[in-house]
Amino acid sequence: MSGFYRDGEWVSAVVGAPTESAEEAERACAEALKRIESGQSTARIELKELLARYPSLKKDRPNHPLLPFAAHFANEVFGM
């Protein structure tokens, strides 16, 4: 049986099969955005973690869940 531990729980995985759902990735994006807006984290850190954890976010699609991060990231990089 293949899989991995995530947050202390065993998650079964089939080799080569996607291990994430779009709903799960969107929920993680919403939570990360809340942390950024409350000052608990930065867009740079959150984007890096989200893209590593959810490879599907690297694909372009309409209404991309990472779009709200663009303004926060630009403010951090350019100091606006």
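What the table below lists for this structure:
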item	result
Tyr54, Tyr5 arranged by Cβ crowding within 10 Å, fewest neighbours leading	Tyr5, Tyr54
Under 19 Å from the Cα of Lys34 - lysines, other chains or at least 8 residues apart	Lys48
Stretch gain in nm, segment Ile45-Trp10, where the contour uses 0.36 nm per residue and the Cα spacing is subtracted	10.1 nm
Under 16 Å from the Cα of Lys58 - aspartates and glutamates, other chains or at least 8 residues apart	Glu20, Glu23, Glu24, Glu26, Glu46, Glu49
Debye intensity ratio in log₁₀ form over the Cα atoms of region 20-78, taken at each q of 0.26, 0.27 Å⁻¹	-1.15, -1.22
Segment Lys59-Arg27, length gained on full extension (0.36 nm per residue, minus Cα span)	9.8 nm
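Every number in this text was worked out from the coordinates using simple rules, so none of it is lab data. Since the model is a prediction, treat every value here as computed from it, not as a measurement. In this analysis, Cβ positions are derived from the backbone assuming ideal geometry, glycine residues included, and neighbour counts consider all displayed protein chains.
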